[in-house]
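The values are calculated or read from the model by the stated rules, or taken from the named source; none is laboratory data. Nothing here was measured: the structure is a model prediction, and the numbers come from that model. Glycine also receives a Cβ, built like all others from the backbone with ideal geometry; neighbour counts cover every protein chain displayed. Accessible surface areas use protein heavy atoms only, side chains included; no ligands, DNA or RNA. Shrake-Rupley method; radii C 1.70, N 1.55, O 1.52, S 1.80 Å.
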Amino acid sequence: MLFSLTSTFSLFYESERGVKGFLCFSIPNDTLCCDRSSTRSDTCVMKGDVRTHPASSSITLYRSGGTAPFDEEEVIQHEKIRPYTRKWEAHVMDTIDELDLLVRSGSAPHHACDVRHDVPAVFFSTGGFTGNLYHEFNDGIIPLYITSQEFNKKVVFVILEYHNWWITKYGDILSQLSDFPPIDFSRDTRVHCFPEAIMGLRIHDELSVDPALMEGKNRTISDFHDLLDRSYLPRISSLVQDEEREVAEAGIVTRERSLTRPKLVIVARNGSRAITNQDALVKLAEDIGFFVEVLRPERSTELAKIYRVLNSSDVMVGVHGAAMTHFLFMKPGSVFIQVIPLGTDWAAATYYGEPAMKLGLNYIGYKILAKESSLYQDYSKDDPILMDPDSVNKKGWEFTKKIYLDSQDVRLDLRRFQKRLLRAYYFTRARKNRPLRRPSV
């Protein structure tokens with residue numbers, strides 16, 4: 001994970017929870033308003049005759065009624081913004097392209113419109129930590145939903161640091177937020193003119209939507225989940241039809257899983273923080289009564305395929321890390337069991353545990369003991385790395401990353417973990433109101 005676990009961010013996080021509503025929600029015509037009150041992101045709004053100029057990385061609002069000739073336009077207001085939602089991390093923000101926002105007054109605009117739009121634009125960057133699933137949703141997709149949903153798809157997305165792979169990966173979601181193709185700000189050198197433009201995205205909390213900050217819409221993270229349903233279900237239906245056709249053509253007789261068995265999905269890791277006795281975990285879960293599927297998401301795995309697996313599951317089990325962002329794909333009421341390695345307690349709760357509960361999932365955090373960590377074999381039993389991870393984390397992010405994130409695997413104490421599985425099993429069966437069978441463990 002690329003996020004920081006430092007005490008500085010922890011303090012910021014607590015203070016940011018009291019964030020107020022968007023200050024530039026309703027502004028008059030011929031106005032540029034910037035809300036810089038959030039520690040997480042800046043957001044600016046232009047309303048009126050808004051024109052892009054990619055060559056100078058600028059966006060200009062032309063005020064009507066000026067008397068100066070176009071080559072002597074007066075700059076009335078000048079703001080700068082880096083449209084990315086990690087404002088407090090200077091080393092990241094320094095890598096984000098900066099926009100100059102200008103308000104000019106003159107008798108004629110300096111840049112004639114090549115493309116005139118009759119809907120607003122939202123400008124944002126897909127740079128920074130893009131490439132990490134957690135950051136793609138937390139810093140990009142959910143803030144994009146928060147910022148753009150009020151326009152009911154009548155909005156154009158203008159992207160800085162545009163990546164074709166990102167458009168392909170999230171095209172299903174983008175099509176539910178906008179009726180128009182996205183614009184590559186740097187490569188599309190035409191002058192695009194808009195009646196309104198929003199630069200930067202609004203962000204509420206970790207993987208969350210705060211209804212109190214949605215300006216009367218009262219939307220929640222459950223509404224975002226509904227958006228994911230609309231985004232992926234058509235593609236899932238197509239996948240199912242393709243599979244059924246292939247099976248029929250091949251004359252294969254498939255064996256359907258028993259619908260009376262709750263489905264448990266283990267999200268497997270390929271690098272550090274892997275469950276080294278995963279095969280034994282699978283057998284234990286099957287003996288309890290689960291139908292078990294092991295999901296190994298790769299960076300190139302189509303999100304609709306992952307959504308299909310998790311949206312049909314009753315329980316998800318995984319070790320803390322970016323892949324736990326996939327809890328967003330589960331149906332509210334399902335069970336999410338997060339295995340919490342040494343040194344990751346705060347991050348596991350803040351980034352995944354609390355947001356999962358806001359979505360309506362039944363969250364179970366399984367904090368491992370020192371003996372369940374591979375670090376137990378590498379350090380003396382009284383080493384602070386094992387006995388006092390908080391003191392190690394206070395030394396800085398580089399220690400957390402090197403020791404607890406990059407160098408730790410997990411070997412579950414299955415007798416201890418079995419209690420969580422049984423709890424999930426009985427809860428799921430009771431929720432579905434099906435007769436229980438006695439687990440064979």
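How much length is gained if the chain between Asp118 and Glu354 is pulled fully straight, taking 0.36 nm per residue apart and subtracting their Cα-Cα distance, in nm to one decimal?
So the chain would gain 81.0 nm between Asp118 and Glu354.
Ignoring ligands, DNA and RNA, what percent of the accessible area of the stretch 169-251 is carbon or sulfur (1.4 Å)?
In the stretch 169-251, the share of accessible area belonging to carbon and sulfur is 47 percent.
Can you say what percent of the DSSP beta bridges in the chain, counting only those with both residues inside, are antiparallel? Round to 5.
Restricted to the chain, the bridges split so that about 40 percent are antiparallel.
Full extension from Gln377 to Lys217: what is 0.36 nm times the residue separation minus their Cα-Cα distance, to one decimal in nm?
Full extension from Gln377 to Lys217 adds 52.3 nm.
About the Cα centre of the chain, how large is the charge dipole given +1 on each Lys and Arg Cβ and -1 on each Asp and Glu Cβ? Please answer in debye to the nearest 20. Walk me through the numbers on the way to the answer.
Values: 56 positive and 59 negative charges, 478 e Å.
With only Lys, Arg, Asp and Glu charged at Cβ, the dipole is about 2300 debye.
For the pair Asp388 and Trp165, how long in nm is the line joining their label points, each one 7 Å along Cα→Cβ?
Result for the modelled spin labels: 4.3 nm.
Would you mind calculating the gained length between Lys367 and Asn433 on full extension (0.36 nm times residue separation, minus the Cα-Cα distance), in nm to one decimal?
Numbers: separation 66, 0.36 × 66 = 23.76 nm, distance 2.99 nm.
Full-extension gain reported as 20.8 nm.
Please list 293-305, 168-180, 122-134 highest first by mean number of surrounding beta-carbon atoms within 10 Å per residue. Show your work: numbers first, answer last.
Details: 293-305: 14.4, 168-180: 17.4, 122-134: 21.3.
The packing order, highest mean first, is 122-134, 168-180, 293-305.
Rule-of-thumb check for the stretch 357-432: C-alpha Rg over 2.2 N^0.38 Å?
After normalising by residue count via 2.2 N^0.38 Å, the value is 1.41.
Enter the accessible area per residue of the stretch 272-348 (Å², integer; probe 1.4 Å; all protein chains in place). Display every interim value, and only then the final one.
On the way: 2270 Å² over 77 residues.
Normalised by residue count, the accessible surface of the stretch 272-348 is 30 Å².
Testing the spin-label approximation: label points 7 Å from Cα along Cα→Cβ at Ser272 and Ser407. State their distance in nm.
Taking the simple label geometry, Ser272 and Ser407 are separated by 0.8 nm.
Taking 25 Å as the cut-off for C-alpha to C-alpha distance, list the pairs among Lys169/Lys283; Lys358/Lys432; Lys80/Lys395; Lys331/Lys401; Lys80/Lys394 that go past it.
Lys169/Lys283; Lys80/Lys395; Lys331/Lys401; Lys80/Lys394
Taking the alpha-carbon distance from Lys305 and a cut-off under 20 Å, which aspartates and glutamates remain once sequence neighbours fewer than 8 residues away in the same chain are dropped?
Within reach: Glu136, Asp172, Asp226, Asp229, Asp242, Glu243, Glu244, Glu246, Glu256, Glu293, Asp314.
What are the aspartates and glutamates whose alpha-carbon lies under 15 Å from the alpha-carbon of Lys47, with same-chain residues fewer than 8 places away excluded?
Asp30, Asp35, Glu79, Asp118, Glu196
Could you report the stretch 113-180's accessible area per residue, 1.4 Å probe, as an integer in Å²?
On a per-residue basis, 31 Å².
With each label point set 7 Å from Cα along the Cα-Cβ vector, what nm distance links Arg36 and Asp226?
3.8 nm
Would you pull out the residues with amide H under 5 Å of Asn362's amide H, same chain only if 5 or more places away, H placed 1.01 Å from N?
Here Gly333, Ser334, Val335, Phe336 satisfy the definition.
Report the calculated FRET efficiency for Leu414 and Glu74 (r = Cβ-Cβ distance, R0 = 51 Å), to the nearest 0.05.
Here the calculated transfer efficiency is 0.10.
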